[in-house]
Each structure stands twice: as structure tokens, then as C-alpha cells.
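Some notes on the structure that comes next.
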Amino acid sequence: PTMDSVRYRHLLELLVTNSKHVMMSGPTGTGKTVNINSHLQTGFSDKYVPLCITFSAQTSANQTQDLMDSKCEKRRKGVYGPTAGKKFIVFVDDINMPMVEEYGAQPPIELLRQWFDAGGWYERKELVFRRIIDSIFVGACGPPGGGRNSLTARFVRHVNVIGYTPLQDESLELIFSTILVHYLETQKYRAE
């Protein structure tokens with residue numbers, strides 16, 4: 001862990017444990033996905049259940065809805081969520097990757113925005129509203145460009161944005177020296 005990764009993990013834990021939606025944003029290679037995934041696996045108590053989704057340019061709103069609906073349990077009529085006594089941490093990686101449609105929207109992101117605004121979405125078969133409860137959103141995105149698109153202010157207003165900075169020289173030196181030392185040690189044992 002570097003000084004920066006410890007800071008970001010602390011902010012993530014602080015916001016998630018206080019039921020605040022979080023968006024980690026920063027340039028490629030700053031460790032957003034690695035930090036969030038490792039903290040989701042080991043940093044939270046058993047009360048939190050991670051649900052990881054990675055968006056691509058081809059991700060649709062139907063795929064996103066189906067994935068989340070498949071993980072939810074029925075609590076009572078029209079209300080869904082994780083197992084009673086637990087909370088979902090819905091981690092969406094590369095959230096700004098879905099293609100922009102003809103009218104300027106990104107359907108998977110609009111579905112998530114509907115969840116934030118209305119507390120859920122309509123089931124597509126029976127057209128009844130499904131409230132999604134006990135779920136916290138965590139997202140990761142890079143800057144627009146190279147296939148990534150800008151996120152609308154209508155979506156971003158619902159999350160706390162934490163900006164990742166490029167790694168400092170000391171952090172890069174620590175990371176690569178650790179990798180190099182580990183590699184050289186394994187080569188030494190193979191030679192023996």
C-alpha cells in the first residue's frame with residue numbers, strides 16, 4: 001500500500017459505512033479498480049456484500065437491470081434488496097464507457113440514475129415498480145476520451161466524487177521495486 005492508496009481506502013470506507021454513494025475518478029493507472037476491489041474483498045465487515053459490474057461500450061440498461069435483479073431477494077411486495085441484515089455495495093467499474101445513444105443519453109447510467117432518483121425501477125415484464133433498498137453505489141471512471149464519455153450532471157449530483165491524482169515518484173518507486181525484488185527472489189529459487 002502507498003500513502004495515497006491508504007487515503008483513498010479510508011475515504012471509501014468512511015463514505016460507504018455512512019451509506020453515501022461514491023465515485024472514484026482519475027487517470028488510467030492510478031489504481032482505482034485495484035484499491036476498490038481489494039477493499040471490497042477484505043476491508044468491510046460481513047454486513048456488506050459486494051456486487052461488481054464492469055461497463056463496456058456495449059453494456060445495455062437491460063443487462064444492468066437483469067444482473068442487479070438476479071442478485072436481489074424479495075423483502076416484501078415490491079421491495080427488493082440483499083439478504084436481510086446486509087447491504088449491497090454495487091461497484092460499477094468504467095462507468096463512463098457505455099455508448100452515447102442518438103439522444104445523448106447512456107441507458108445503463110440512466111437506469112442507475114433512476115435508482116438514485118426514484119429508489120428503484122420498473123420490472124420489464126409485469127411493469128410494476130421494484131424498490132431497491134439497502135444498496136450503496138461505488139463507481140470508478142477515467143477522464144473522458146479514448147472511448148470514455150462524460151457523465152451527466154444529473155447523475156454525478158447523486159455521488160461524492162473523489163479524484164485520484166497521478167502516482168508520486170516515491171509511490172511508483174515503491175511499487176516497481178517491490179515487483180522487481182519479488183521477481184528476482186523467485187528467479188533465485190528456480191535457479192537453485
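The values are calculated or read from the model by the stated rules, or taken from the named source; none is laboratory data. Everything quoted here is computed from the prediction, not taken from an experiment. With ideal geometry, Cβ positions are generated from the backbone for all residues, glycine too; neighbour counts draw on all protein chains shown. With ligands, DNA and RNA removed, areas are computed over all heavy atoms of the protein, side chains included. Shrake-Rupley method; radii C 1.70, N 1.55, O 1.52, S 1.80 Å.
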In the range 162-192, which residue that is surrounded by 13 or more Cβ atoms within 10 Å (Cβ to Cβ) and either part of a strand (DSSP E or B) or polar (S, T, N, Q) (or both) is modelled with the highest pLDDT?
I162
I'm checking my understanding of the structure. Among residues of the range 75-89 that are among the basic types (K, R) and either touching a helix residue (DSSP H, G or I) at 6+ places or on another chain (Cβ under 8 Å) or assigned to a loop (DSSP other than H, G, I, E, B) (or both), which one is least open to solvent (accessible area, probe 1.4 Å)?
K86
Options V92, V6: the member that is open to solvent by 70 Å² or more (accessible area, probe 1.4 Å) and either of a type in the set (A, V, I, L, M, F, W, C) or assigned to a helix (DSSP H, G or I) (or both)
V6
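Yes or no: the range 134-144 includes at least one residue that is open to solvent by 70 Å² or more (accessible area, probe 1.4 Å), outside any strand (DSSP E or B) and farther than 20 Å from I53 by Cα.
Looking for residues that are open to solvent by 70 Å² or more (accessible area, probe 1.4 Å), outside any strand (DSSP E or B) and farther than 20 Å from I53 by Cα, one finds none in the range 134-144, hence no.
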Return the only residue of C52, C72 being surrounded by 14 or more Cβ atoms within 10 Å (Cβ to Cβ) and free of Cβ contacts under 8 Å to residues at least 60 places away in the same chain.
C52
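For every residue, the table says whether it meets (1) in a strand (DSSP E or B); (2) over 15 Å from the mean Cα position of the chain (by Cα); (3) aromatic (F, W, Y).
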| site | (1), (2), (3) |
| --- | --- |
| M24 | yes, no, no |
| V34 | no, no, no |
| N37 | no, no, no |
| Q41 | no, no, no |
| D46 | no, yes, no |
| D66 | no, yes, no |
| D69 | no, yes, no |
Being β-branched (V, I, T), touching a strand residue (DSSP E or B) at 6+ places or on another chain (Cβ under 7 Å) and open to solvent by less than 30 Å² (accessible area, probe 1.4 Å) is the filter here; which residues of the range 10-42 pass it?
V16, V22, I36
